[in-house]
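What follows is a set of notes on a single structure, which appears directly below.
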Amino acid sequence: MTIKACSKLTKNCVSTVNEKGGSSMNPISYSCSASEAMNHLRNVLFSMKGAEIAEQGGTRLHAVFTSDKLKFKDDVHFELDDKAKSIHFKSSSRTGYYDFGVNRRRMEEIEERFKKESGT
């Protein structure tokens, strides 16, 4: 898996590969095929303000979110694990030490929208 854990030195990141703690989140589960899950994920990202898909290939996707006012950029990396029917991710700010929970709220919103989009 190419998704990496968040650094313990900053508080501006969440990841599904972090063990316990404030930067850890559970992967997004799905029940459809991997290609359908990727399509649902793309639809969710296209519907979100400030989101841009920077790169996609196979089971991986990299999105960049740009904040409205200050134009800060955050990177979100996704990787589908079709055996586990899970989407792992890391959402992190490019700058700063603390993100005031922005990355966690974004990933919670993406998961909620994904569940509605995919019907799970």
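Structural remarks
- Sparsely packed GluC sites (Glu not before Pro) within the stretch 1-79, loop by DSSP, other Cβ within 10 Å at most 12: E19
- Using a Förster distance of 25 Å, the FRET efficiency for C32-R105 (Cβ separation, nearest 0.05): 0.45
- Options (1) 1.40; (2) 1.04; (3) 0.94 - which one matches Rg/Rh (Cα atoms, Kirkwood Rh) as calculated here: (3)
- Among T16, T59, T95, the residue with the largest mean-square fluctuation in a Gaussian network model of the chain, with springs joining Cα atoms closer than 10 Å, is T95.
- Å² per residue, accessible surface of the chain at 1.4 Å: 59
- Theoretical gain in end-to-end length, L70 to S24 [0.36 nm per residue, Cα-Cα removed]: 13.9 nm
- Size of electric dipole in the stretch 1-90: Cβ of Lys, Arg +1 and of Asp, Glu -1, about Cα centre, debye, nearest 20: 320
- Extension gain, K49 to K83, is 9.1 nm, computed as 0.36 nm per intervening residue step minus the present C-alpha separation.
- Shown for the chain: the carbon plus sulfur share of the solvent-accessible area, taken with all protein chains present and a 1.4 angstrom probe, equals 50%.
- Separation between Cα centres of the stretch 97-120 and the stretch 44-94, rounded to whole Å: 10
- Using just its DSSP H runs of length 4 or more, each adding -39500 (n - 2.57), the chain gives a mean residue ellipticity at 222 nm of -8000 deg cm²/dmol after division by all residues.
- Virtual spin-label span in nm between K4 and E112, 7 Å along Cα→Cβ: 3.1
The values are calculated or read from the model by the stated rules, or taken from the named source; none is laboratory data. Computed from a predicted structure; not experimentally measured. Cβ atoms come from the backbone with ideal geometry, glycine included; neighbour counts cover every protein chain shown. Ligands, DNA and RNA are excluded from the accessible area calculation, which covers all protein heavy atoms including side chains. Shrake-Rupley method; radii C 1.70, N 1.55, O 1.52, S 1.80 Å.
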